[in-house]
Each structure stands twice: as C-alpha cells, then as structure tokens.
Amino acid sequence: DFNMDIGVARDHGNGWRSGLVIKNIIGQDYDAINTDPVTGVEEVKGSVSLKPQARAGVSHTNEWTTVALDVDLTKNDPLGDIGNASQYVAIGVELDVFDITQLRLGYRADTVNSDRNVVSAGIGFSPLGVHFDLAVAGNENEVGAAFQFGFRF
C-alpha cells in the first residue's frame with residue numbers, strides 16, 4: 001500500500017512560526033489475521049484503520065527560549081482493539097543556555113481521556129558538535145525515558 005503525510009510551516013517573523021500537518025492522507029483498513037502455527041488456519045481477529053489525522057502548532061523562539069503549542073485537530077482512534085482514543089493538546093518550553101545546554105519542560109493533555117495526561121522534562125548538552133539528550137515523561141500509570149547521542153557536522 002501507499003500513503004502520504006503532508007505538512008506546511010510558515011515563519012511569521014519576530015520568532016513566531018506556525019504549522020499544519022495531515023498524516024495518513026489516504027485512509028485505509030486492514031484485517032488483523034491470526035494464523036494457527038499447527039494447522040495453518042487463518043482467522044480474522046479484527047481490523048486496523050488508518051484515518052487521516054491533522055495537527056496544528058505554533059511556536060515562539062528568541063535568543064534564550066522556545067515555547068511551542070501543538071493541538072490535534074482530529075480525534076486519534078486506537079490501533080485495532082488496543083488502547084483508547086486520544087486527542088492531545090501539548091505545550092513545551094525550552095531554555096537554551098549559550099547553545100550548549102538545553103533544559104526542557106512539557107505537558108501533554110488528552111482531551112478525551114485525562115488518565116493519559118503526561119508531564120515531561122529533559123536536558124540536552126551540546127559541546128563542540130557532540131550532542132547528548134536525556135528526557136523523561138510520565139503520569140501515574142506510565143513512565144518513559146529516552147536518551148539520544150549524536151554528532152553535528
């Protein structure tokens with residue numbers, strides 16, 4: 001199958017930017033098939049639907065900070081029978097100290113299911129083209145962490 005995402009961003013000047021993205025432009029449905037390893041019999045166990053999803057965002061950047069707000073314009077249905085629908089509003093702030101250290105805080109609220117609201121924090125360190133980044137996110141039911149290492153040249 002084939003699908004596409006399309007997005008557009010605009011720099012409004014004075015540090016303001018806005019953007020819009022549409023994912024899964026071509027909606028598609030797929031059957032979830034379970035094959036018995038002994039008999040080889042296939043059984044349809046549900047379906048998965050990919051529907052178009054839209055998100056808009058706005059940000060403001062200056063020499064020391066970036067503040068961004070993203071909003072899901074469409075409800076995101078769960079994949080198959082796993083999980084719950086969601087529709088997020090997210091805000092994040094980054095403090096950049098001399099282009100070497102970045103401190104981040106964020107909050108993502110699910111307007112459909114408040115049990116999925118998430119707080120996040122991160123720190124980045126970027127000396128001499130080497131970049132280390134550590135982030136954590138979570139709520140009462142979920143915890144996640146990420147580490148990224150890279151080079152800029």
Q) Does region 92-107 hold any residues that are open to solvent by 80 Å² or more (accessible area, probe 1.4 Å) and modelled with pLDDT under 95, and which are they? A) Phe98, Asp99
**Q.** Sole residue being surrounded by fewer than 12 Cβ atoms within 10 Å (Cβ to Cβ), in contact with a His (Cβ under 9 Å, 6 or more places away or on another chain) and of a type outside the set (D, E, K, R), chosen from Asn14, Asn62
**A.** Asn14
(Q) Name the single residue that is nearest to Asp72 (Cα to Cα) among those in region 105-153 being small (Gly, Ala, Ser) and touching a His at 6+ places or on another chain (Cβ under 8 Å). (A) Gly124
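Give me the residue from region 110-153 that is among the hydroxyl-bearing types (Ser, Thr, Tyr) and surrounded by 13 or more Cβ atoms within 10 Å (Cβ to Cβ) and, out of that set, nearest to Val89 (Cα to Cα). Spell out how you get there, then give the answer.
First pass over region 110-153, keeping only residues among the hydroxyl-bearing types (Ser, Thr, Tyr): 111, 114, 120, 126.
Cutting the leftovers down to surrounded by 13 or more Cβ atoms within 10 Å (Cβ to Cβ) gives us 111, 120, 126.
Values: Thr111: 7, Ser120: 14, Ser126: 29 Å.
If we take residues in region 110-153 being among the hydroxyl-bearing types (Ser, Thr, Tyr) and surrounded by 13 or more Cβ atoms within 10 Å (Cβ to Cβ), then Thr111 is nearest to Val89 (Cα to Cα).
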**Q.** For Tyr88: the one exception among (1) within 29 Å of Gly150 (Cβ to Cβ); (2) touching a His at 6+ places or on another chain (Cβ under 9 Å)
**A.** (2)
Q.
Give me the residue from region 1-45 that is touching a Leu at 6+ places or on another chain (Cβ under 6 Å) and in a strand (DSSP E or B) and, out of that set, farthest from Gly57 (Cα to Cα).
A. Gln28
Q. Across region 65-87, what is the number of residues that are at pLDDT 95 or above and either out of contact with any Lys or Arg (no Cβ under 7 Å at 6 or more places or on another chain) or surrounded by 14 or more Cβ atoms within 10 Å (Cβ to Cβ) (or both)?
A. 8
Q. Quick one: is Val93 within 30 Å of Asp29 (Cα to Cα) and either among the aliphatic types (A, V, I, L, M) or outside any loop (DSSP other than H, G, I, E, B) (or both)?
A. no
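For every residue, the table says whether it meets (1) within 19 Å of Val89 (Cβ to Cβ); (2) touching a Cys at 6+ places or on another chain (Cβ under 7 Å); (3) open to solvent by less than 70 Å² (accessible area, probe 1.4 Å).
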site	(1), (2), (3)
Lys23	yes, no, no
Gly27	no, no, yes
Ile33	no, no, no
Thr39	no, no, no
Ser47	no, no, yes
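The values are calculated or read from the model by the stated rules, or taken from the named source; none is laboratory data. Bear in mind that the values here come from a model prediction, so they are computed numbers and not experimental data. Positions of Cβ are backbone-derived with ideal geometry, glycine not excepted, and every protein chain shown enters the neighbour counts. Surface accessibility is based on the protein's heavy atoms, side chains included, excluding ligands, DNA and RNA. Shrake-Rupley method; radii C 1.70, N 1.55, O 1.52, S 1.80 Å.
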